[in-house]
Ligand code: NVA
């Protein structure tokens with residue numbers, strides 16, 4: 001069983017991870033995927049509390065079953081205790097869970113809850129999605145890109161759509177890894193300036209090209225195109241659906257856009273809103289769509305994160 005050397009304390013925000021940590025995690029995820037039997041006891045005796053404020057299919061199942069495959073125990077905590085911070089303070093939630101659990105996985109509405117958990121828990125915290133980041137998804141996506149293209153430094157990746165949590169995490173990880181990344185979001189839907197600034201600083205250090213534009217015709221040549229929902233969980237009431245659909249229509253990812261950019265593969269974190277951000281024909285196109293490879297890699301990427309966090 002091989003383990004990364006650059007020790008992780010938490011896995012909560014992409015810009016906090018070094019290139020070496022990310023490369024080690026990608027490598028470990030692929031190693032576990034290829035040799036799951038060697039890691040059957042990797043989390044033996046470890047219990048992981050999973051707090052979910054929002055719905056989930058892939059994240060819930062891939063953590064639960066991935067932890068079981070590594071010999072550990074996962075406990076799902078849904079909404080039965082109310083929203084985080086309502087029935088009791090987030091700091092007390094963190095301190096109580098630390099009495100029993102070896103790690104906390106949390107999907108929350110607001111990144112401040114993740115920050116409070118990391119501040120007050122005495123065990124590692126994993127961000128399973130918040131309003132700002134989705135690092136487990138991005139890690140799985142770079143595992144998928146490594147499988148598809150082998151050498152990440154040669155990959156050109158574009159994200160087309162809403163400048164949301166998935167876009168932020170992909171952009172920050174690409175910048176750290178030195179992967180050429182193009183972000184195409186309609187005006188008014190780009191990531192927050194603080195995240196853009198972080199990404200630009202990381203890209204300068206990482207050596208990859210980072211392009212941010214609202215012009216879909218400026219997409220240029222790409223190896224892979226990524227998209228996600230135009231309205232994220234928690235934004236349903238804040239956004240006018242009709243206006244969003246009209247604004248984003250030219251940004252739909254379809255066979256025409258794939259042909260124009262020369263991209264070999266299309267990626268989506270799911271759930272997909274078919275005929276909105278992606279056409280059904282492209283989502284279902286087995287020659288181009290790697291969405292289920294991404295979904296499977298969630299489990300191996302998270303396995304790598306947990307093994308690294310909990311390794312003695
Ligand atoms: N941006 C989406 C990702 C879902 C996995 C959301 O936050 O709802």
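Using a simple spin-label model with points 7 Å from Cα along the Cα→Cβ vector, what separation in nm is obtained for residue 122 and residue 61?
3.7 nm
If you average the sequence gap of Cα pairs under 8 Å that are 6 or more apart and divide by the length of the chain, what percent do you get for the contact order? Working shown, then result.
Details: 605 pairs, mean separation 64.5, N = 312.
Dividing the mean separation by the residue count of the chain yields 21 percent.
To make sure I understand, if each residue's beta carbon is the centre and we count other beta carbons within 10 Å, what order do 283, 221 fall in, fewest to most? Intermediate results must be reported in sequence, preceding the final value.
Working: 283 20, 221 12.
Going from least to most buried by this count: 221, 283.
What ranking, highest mean first, results for peptides 35-44, 248-257 when packing means the other Cβ atoms within 10 Å averaged over each residue?
Working: 35-44: 15.0, 248-257: 17.6.
My ranking of the peptides, most packed first, is 248-257, 35-44.
Rounded, prolate or oblate: pick one for segment 14-53, where a ≥ b ≥ c are the square roots of the eigenvalues of its C-alpha gyration tensor, a/c under 1.5 means rounded, and failing that, prolate if a/b is larger than b/c, else oblate. Show your work: numbers first, answer last.
Working: a/c = 2.42, a/b = 1.08, b/c = 2.25.
Here segment 14-53 falls in the oblate category.
Evaluate E = 1/(1 + (r/R0)^6) for residue 153 and residue 193, where r is the Cβ-Cβ distance and R0 equals 35 Å; express this FRET efficiency to the nearest 0.05.
Values: r = 28 Å, r/R0 = 0.79.
E(calc), rounded to 0.05, equals 0.80.
Give me the compactness ratio for segment 52-134, meaning the Cα radius of gyration over 2.2 N^0.38 Å. It would help to have the intermediate numbers written out before the result.
On the way: Rg = 12.1 Å, N = 83, 2.2 N^0.38 = 11.8 Å.
Dividing the Cα Rg of segment 52-134 by 2.2 N^0.38 Å gives 1.03.
Quick one: which of 168-175, 131-138, 99-106 comes out on top by average Cβ neighbours within 10 Å, and what's the full order, highest first?
Numbers: 168-175: 27.6, 131-138: 25.4, 99-106: 20.6.
The most tightly packed comes first, giving 168-175, 131-138, 99-106.
When the helix-only estimate is applied to the chain (DSSP H runs of n ≥ 4, each -39,500 (n - 2.57), divided by the residue count), what is the mean residue ellipticity at 222 nm, nearest 500 deg cm²/dmol?
It comes out at -13000 deg cm²/dmol, rounded to the nearest 500.
Work out how far the C-alpha atoms of the chain reach from end to end along every principal axis, then list the three figures in whole Å, largest first.
53, 42, 36
Find how much the distance from residue 20 to residue 95 grows on full extension, using 0.36 nm per residue of separation minus their present alpha carbon separation; answer in nm with one decimal. Let's see the in-between values first.
Details: separation 75, 0.36 × 75 = 27.00 nm, distance 3.07 nm.
Length gained, residue 20 through residue 95: 23.9 nm.
Which of the peptides 117-130, 188-201, 226-239 is most tightly packed, and how do the rest follow, judged by the mean count of other Cβ atoms within 10 Å per residue? Walk me through the intermediate numbers first.
Numbers: 117-130: 22.1, 188-201: 15.7, 226-239: 17.8.
Per-residue mean Cβ counts within 10 Å order the peptides as 117-130, 226-239, 188-201.
Could you let me know the centre-to-centre spacing of segment 183-218 and segment 46-75, using Cα atoms, in angstrom?
32 Å
Values quoted throughout were computed directly from the atomic coordinates according to the rules given, and no laboratory measurement underlies them. The model shown is predicted, which means the values in this text are computed figures rather than measured ones. Here Cβ is always computed from backbone atoms with ideal geometry, including for glycine, and neighbour counts include all displayed protein chains.
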